[in-house]
Amino acid sequence: MQFENNYSLQQLNTFGINAFAKYYVEIHALADLIELIDTDIYRESEHLILGGGSNILLTDDFGGLVIKNCIEGIEIVKKDIQHVWVKVGAGVVWHDFVLDCIKNDLGGIENLSLIPGTVGAAPMQNIGAYGVEIKNTFESLEAFNKTTGQLETFDNISCEFGYRESIFKHSARNKYFITSVTFKLTQGNHNLNISYGAIQEMLHEEKITSPTIKDISSAVIKIRQSKLPDPKKIGNAGSFFKNPTIDKIDHEALQAEFPTMPGYQLPNQQVKVPAGWLIEQCGWKGKTIDEIGVHKYQALVLVNYGEGKGSDIRDLSMEIQKSVIAKFGIHLTPEVNFVPSPN
């Protein structure tokens, strides 16, 4: 077990924040975890499990142990006439897994192309895009219980998936280390989801009338690249806030005052409002403050242009929240996790 001291996390978070961990270690197999929990450093330290670092904002140095999930592997574990069950190491880069599925004509996650992060982090957040969420293809996951030292299995129901939510963000938060995720994917006769207008427009632009999963993946990649900055060039974590959900009657009242306010109808008289639109209406789009700011093309994305501090990005996000509440009476909830956690 190789521990590093005072380890820079700048290359391990997509915001590019230069914060340091008191201790750092990499996990490549279950045996590493079993060895890790018997060490004094593990027992005496606060823990942060790190995947792709695409959903965190480091607001300060971390005074405990950062555990990097590096568990690899993609394995077909079961097949039938229509489906293939694929078990994937939690440390595999999510987009690499999507591309592997496209290569092998396995369908179900093509709409989730180019989402940053690792496979292990995907169910924690129930990642989603363009009409598809992880829960649609999720079969199960294996997770190491940090308290008991036992490997446990969670199926779709026990993960308690919601909109960008799962049990691992609530009652199971910080209690488990996800080691693998199994997906149920289609082989041939794919159920394609092209309901989003942006995908339809891109396919039309490319003159594609009978799309394959590769066509959809390529369309999504082009759409995302046109809307979102590349973290390798501009530090960011993608969408910083969740799209809020409000009562239909409240949305109608707001539309009377703001006629151009968009909204997407949901069950139970609920309406989802684009957070980016709310932020833009409050004048934040393209605003720059020293080394940080709000992206000029997508108001939902907060950015680090160079040597920005995580604490400054956190403070900016709080100012944005205040302005949206003042103008619309709507609270924005961050998708990004603050590290260390606010008191």
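The values are calculated or read from the model by the stated rules, or taken from the named source; none is laboratory data. These numbers were taken from a predicted model, which means no experiment stands behind them. Cβ coordinates were reconstructed from backbone atoms using ideal geometry, including for glycine residues, and neighbour counts include every protein chain displayed.
For region 7-84, which strands (runs of 3 or more DSSP E) that fit wholly inside it have 2 or more residues that are in contact with a Cys (Cβ under 8 Å, 6 or more places away or on another chain)? Give the derivation first.
Working: elements: 20-27, 47-50, 56-58, 62-69, 74-79.
Of the strands (runs of 3 or more DSSP E) lying wholly inside region 7-84, those with at least 2 residues that are in contact with a Cys (Cβ under 8 Å, 6 or more places away or on another chain) span 20-27.
Identify, from the list Lys322, Lys296, Lys248, the residue that is of a type in the set (Lys, Arg) and modelled with pLDDT under 95.
Working: Lys322 fails: modelled with pLDDT under 95; Lys248 fails: modelled with pLDDT under 95.
Criteria check complete, one pass: Lys296.
I need the full set of residues from region 44-73 which are over 17 Å from the mean Cα position of the chain (by Cα), farther than 16 Å from Lys22 by Cβ and crowded, with 16+ Cβ neighbours inside 10 Å, in order please.
Selection gives Cys70, Ile71.
Working carefully through the options Gly108, Gly117, Gly64, find the one that is under 27 Å from Asn304 (Cβ atoms), modelled with pLDDT of 95 or more and touching a Ser or Thr at 6+ places or on another chain (Cβ under 7 Å). Walk me through it before giving the result.
On the way: Gly108 fails: under 27 Å from Asn304 (Cβ atoms); Gly117 fails: modelled with pLDDT of 95 or more.
Unique residue meeting the criteria: Gly64.
Within region 172-213, how many residues turn out to be closer than 30 Å to Asn69 by Cα, touching a residue at least 60 places away in the same chain (Cβ under 8 Å) and exposed (fewer than 15 other Cβ atoms within 10 Å of the Cβ)? Reasoning before the result, please.
Step one: filter region 172-213 for residues closer than 30 Å to Asn69 by Cα, giving 172-187, 213.
Adding the requirement that they be touching a residue at least 60 places away in the same chain (Cβ under 8 Å) leaves 174, 177-187, 213.
Keeping just the survivors that are exposed (fewer than 15 other Cβ atoms within 10 Å of the Cβ) gives 174.
Of the residues in that region, 1 qualify.
Taking Cys159 as the residue in question, decide whether it is surrounded by 15 or more Cβ atoms within 10 Å (Cβ to Cβ), under 20 Å from Asn337 (Cβ atoms) and at pLDDT 95 or above.
Working: surrounded by 15 or more Cβ atoms within 10 Å (Cβ to Cβ): yes; under 20 Å from Asn337 (Cβ atoms): yes; at pLDDT 95 or above: yes.
Yes: the conditions hold for Cys159.
Do we have Glu152 as buried (at least 17 other Cβ atoms within 10 Å of the Cβ), among the acidic types (Asp, Glu) and in a strand (DSSP E or B) here?
No.
Six or more apart or on different chains, Cβ under 8 Å: which pairs go from a residue in region 317-337 that's in contact (Cβ under 8 Å) with a residue 40 or more places away in the chain to one that's surrounded by 18 or more Cβ atoms within 10 Å (Cβ to Cβ) and charged (D, E, K, R)? Could you list them?
That search, which allows pairs on different chains as well, returns Glu335/Arg164.
Would you confirm, using the coordinates I've provided, whether Gly131 is crowded, with 22+ Cβ neighbours inside 10 Å and small (Gly, Ala, Ser)? Don't jump to the end; show me each part of the working.
Values: crowded, with 22+ Cβ neighbours inside 10 Å: no; small (Gly, Ala, Ser): yes.
No; evaluated as a whole, the condition is false for this residue.
Considering only residues that are farther than 18 Å from Val336 by Cα, in a loop (DSSP other than H, G, I, E, B) and not aliphatic (A, V, I, L, M), which ones fall in region 206-231? Explain how you work it out, then say what you get.
So the first thing to find is which residues in region 206-231 are farther than 18 Å from Val336 by Cα, and the list is 206-227.
Subsequent filtering for residues that are in a loop (DSSP other than H, G, I, E, B) retains 206-212.
Within region 206-231, Glu206, Lys207, Thr209, Ser210, Pro211, Thr212 meet the criteria.
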